[in-house]
Amino acid sequence: MKNPPPRGYRAKEILTLLKDHGPLTAKAISLMVEPPMRNKKIYEALLRLKNRGLVNVRSERIIARGCSIYQLQQDLRARENTSKIIGVHPESLQQPYFRYREILHNDNCAVVAHNLKKQYPDAVLVRDFEFERSDIAKKIMLSEENDRDVKPDILLIFYNSNKKNITSIAFEIEKSRKDNRRLNAKLKKYASQSRVDGVVYICDENRIKEALLDSFINKVSPRAVRVKHYINYFLMFAENKNIQISPNDNLYDLNRKTVSLEKWISFLQNMKTSA
């Protein structure tokens, strides 16, 4: 029988998840805590954190039903108390307000980001709401003030052994189809107006994937000089709804050929090294 986690472990773990990923539902938290907890225990732990003044609970109506959203309490005293528990500066606990429409999307992004960081602990991972505090993310994306709508959901950054070359991969979790103008603008940004080395889309529906393919092949790739030498392997797709992504999972290229995430990342890293 495994020993139970030490006293205070769950509070620190949940507060850290809320720091790293912003507001979450209890369901998303249940997919990330280790070892796993029963739903009842998660709700009890969240209630204790609320009663201690460390966590704020928002009630939102999402998809015609009520939903409780948990976020770090943002007043200075609460941030100071939380910072003592998880060992960070109170300023790093400041978070933007998330609109209710963003909540379920943020849940999915959080689970993907959590799994990527678990699989690649030495990589730097930047979420979209962290961009303003990340100089390296802004440098990779060549960010400007009017680029707020073209930040990736997740940016995964690998440094090589001498810390001189980096390989960066953008992850997008698409739950609904964007209009053609926004699709074209975002894909153009990635391929021609950034330093991103590859992009992975995790799509809920095939029609979203087909729209992305059509936009990239017909509107973006003909002028994508920067990535022309590996154009078929720049934009990749994960299996539908695969938020539990792992290195052995297959990705699909423009020709619908498969390669594991691990091998594709190695391909991008080797290409940067030999360039």
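What follows is calculated from the coordinates using simple rules that are stated; it is not laboratory data. Note that the structure is predicted; figures quoted are calculated from it, not measured. All Cβ positions, glycine included, derive from the backbone under ideal geometry; neighbour counts span all protein chains shown.
Below is a table of values for the structure above.
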quantity	calculated
Ascending count of other beta-carbon atoms within 10 Å, so fewest first, for TYR201, TYR120	TYR120, TYR201
Sequence-separation-based contact order of the chain, relative, with Cα cut under 8 Å and 6+ spacing, percent	13 percent
DSSP loop GluC sites (Glu not before Pro) with at most 13 other Cβ within 10 Å: longest gap in the chain	1-143
Listed pairs LYS12/LYS189; LYS12/LYS118; LYS12/LYS163; LYS27/LYS272; LYS50/LYS175 exceeding 28 Å between Cα atoms	LYS12/LYS189; LYS12/LYS163; LYS27/LYS272; LYS50/LYS175
Antiparallel DSSP beta bridges within the chain, as percent of all bridges there, nearest 5	70 percent
Inter-centroid distance (Cα atoms) of the stretch 97-173 relative to the stretch 28-47, Å	25 Å
Filtered trypsin sites (Lys or Arg not before Pro), the stretch 191-223: DSSP coil and at most 16 other beta carbons within 10 Å	ARG195
In the stretch 60-142, trypsin sites (Lys or Arg not before Pro) in a DSSP loop with at most 13 other beta-carbon atoms within 10 Å	ARG99
Neighbour net charge for ARG256 - beta-carbon separation under 12 angstrom, K R +1, D E -1	0
